[in-house]
Amino acid sequence: MDIEGSSGTDHSPRLLQPVCERDSEGHQFMKLANIRGRACAVDGERLVDLNRVSGGELPDDPMAYVQPSLIERARLVLAKDPNVETFTAELSDYGPPVPRPGKILAVALNFYDHAVESKREVPNEPAVFPKLTSSICGPFDPIEVPDTCTMIDYEAEVVVVVGKQMRGVAAADVWDHLVGVTAGQDISDRFEQRRPPLGQFSLAKSYDTFSPIGPVMATLDEVSDLNNIALSGRLSGQQVQHGTTEQLIYSIPELVEWTCRYVTLEPGDLIFTGTPEGVGTRREPPLYLVDGMVLETYVAEVGTMRNPVRGVVGQRQDSSAEHFVAGTGAER
């Protein structure tokens with residue numbers, strides 16, 4: 001299946017490179033996928049089961065590969081045999097590359113253009129909030145929209161994966177403590193986010209399936225410019241978001257430095273780094289997710305997720321727009 005990115009080029013998991021491509025200095029790159037719950041390296045359209053090709057030396061659990069030392073071991077195993085056994089998989093076989101993060105943190109209003117479209121001042125400090133880990137789903141899984149919810153929004157984001165414990169780490173050292181990059185969507189129920197009397201982010205952004213990630217985790221050496229990672233979102237074929245991390249208010253190192261002043265970050269934690277302009281709630285008229293749509297999310301060097309939107313029977317009976325009271329919650 002072809003999945004088109006915003007440029008019209010194919011950004012599906014067919015990443016068109018060897019399992020461990022080498023640069024001019026011999027350094028090896030790697031992309032990792034979760035295929036039916038097993039850790040695999042991606043080789044174009046084909047995959048390598050790391051546990052099997054290593055004779056059991058490498059673990060089969062994708063979560064294990066948030067450890068940089070284990071990725072290096074995998075590179076050594078793969079380098080020994082250029083004709084390693086490969087296989088193919090359906091897109092539906094791809095699970096979240098980091099399936100059981102210890103925690104998920106995200107940040108509000110971290111793109112200048114999104115702050116402008118939200119009619120809010122640029123934050124003096126990052127506005128960080130948690131998302132429930134149960135909201136994680138795979139890169140081609142359906143996003144489930146309760147039929148009682150009418151204001152479900154999309155937010156394309158670059159997601160970074162923690163590889164080493166961090167507390168009080170300076171921005172200059174942050175990349176040394178991260179292990180990879182993936183694509184993510186911070187799906188949001190705008191009604192619940194703004195609902196009186198308080199308005200809050202975490203639950204509104206943590207329904208089941210509201211945090212798809214993937215299709216792969218790219219190791220940092222895969223990324224040509226860590227300070228300028230392109231991302232985009234398409235909804236049923238229409239480009240709705242586009243930007244690069246160069247436009248972030250707080251760069252990824254600055255965001256992580258601020259966060260780990262207060263929270264110890266552990267290997268496998270995920271940090272959603274912000275969304276560019278174009279979210280549905282700020283469009284005229286608003287554009288919300290409904291049954292039958294397809295949401296595509298592209299991150300350079302990672303690929304494109306393609307999540308169909310599926311309506312499901314909901315429980316809440318008071319979520320129609322007529323109950324919304326403006327100004328009761330901050331905008332993402």
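No value in this document is a laboratory result; all are computed from the given coordinates. Source: prediction; values computed, not measured. Note that each Cβ is placed from the backbone with ideal geometry, even for glycine, and that neighbours are counted across all protein chains shown.
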Seminar exercise, completed: Over all pairs of different Cα atoms in the range 197-244, the reciprocal of the mean inverse distance gives a Kirkwood radius in Å of 14.0 Å
Exercise. Label 7 Å along Cα→Cβ of GLN247; the range 257-299 residues with amide nitrogen under 11 Å?
Worked result: 275-279
Problem set entry | For the chain, the longest site-free run once GluC sites (Glu not before Pro) in DSSP loop states with at most 12 other Cβ atoms within 10 Å are removed | 122-332
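Around GLY311, under 11 Å between beta carbons, what's the net of Lys plus Arg minus Asp minus Glu among the other residues? Don't skip to the answer; put the middle values down first.
Numbers: positive: ARG310; negative: GLU144, ASP147, ASP291.
Once all neighbours under 11 Å are counted, the net charge is -2.
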Exercise. What trypsin sites (Lys or Arg not before Pro) does the range 193-273 have in DSSP loop regions with at most 13 other beta carbons within 10 Å?
Worked result: ARG261
Problem set entry | Rel. contact order, % - alpha carbon contacts under 8 angstrom, at least six apart, the chain | 24 percent
Exercise. Projected onto the charge dipole of the chain (+1 at Lys/Arg Cβ, -1 at Asp/Glu Cβ, origin at the Cα centre), which of SER206, PHE140, SER54 gives the Cα projection farthest towards the positive end?
Worked result: SER206
Exercise. What do you get for Rg/Rh over the range 202-301 if you use C-alpha atoms and the Kirkwood form of Rh?
Worked result: 0.97
Seminar exercise, completed: Across 10 Å bins beginning at 0, the whole-percent shares of Cα-Cα pair distances in the range 146-189 come to 23, 33, 24, 15, 5
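Under 9 Å from the Cβ of ILE187, count the other residues' Cβ atoms, weight Lys and Arg +1, Asp and Glu -1, and hand me the total.
-3
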For this session: Report the residue, chosen from SER206, SER92, SER251, that carries the largest GNM mean-square fluctuation when the chain is represented by alpha-carbon nodes joined by springs under 10 Å.
Result: SER92
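If you take the alpha carbon radius of gyration of the chain and divide it by 2.2 N^0.38 Å, what ratio comes out, to two decimals? Let's see the in-between values first.
Working: Rg = 19.3 Å, N = 332, 2.2 N^0.38 = 20.0 Å.
The reported ratio for this selection is 0.97.
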Seminar exercise, completed: Semi-axes (Å, rounded, descending) of the ellipsoid equivalent to the range 237-293 per its C-alpha gyration tensor are 30, 15, 10
Exercise. Does anyone have the angle between helix 68-79 and the longest principal axis of the chain? Alpha-carbon axes, 0 to 90°, nearest 10?
Worked result: 50 degrees
Exercise. Nearest 20 debye, what's the magnitude of the dipole of the chain about its Cα centre given +1 on Lys and Arg Cβ and -1 on Asp and Glu Cβ?
Worked result: 680 debye
Exercise. Given a cut-off of under 8 Å on Cα pairs at least six residues apart, what relative contact order in percent is computed for the range 108-266?
Worked result: 30 percent
For this session: Using Cα positions and a limit of under 14 Å, work out the aspartates and glutamates in reach of LYS80, with same-chain residues fewer than 8 apart set aside.
Result: GLU21, GLU57, GLU72
Exercise. Can you tell which of THR259, THR297, THR150 shows the greatest fluctuation in a Gaussian network model of the chain with Cα springs below 10 Å?
Worked result: THR150
Seminar exercise, completed: Cross-link reach from LYS103 to lysines, straight Cα distance under 16 Å and at least 8 residues apart if same chain, gives LYS131, LYS164, LYS205
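What's the extension gain from GLU45 to ALA170 if we count 0.36 nm per residue and subtract their Cα-Cα distance?
41.1 nm
Calculate the tail of P(r) for the range 57-178: the fraction of all Cα-Cα distances greater than 22 Å, expressed in %.
Details: 4168 of 7381 pairs.
Percentage above 22 Å: 56.
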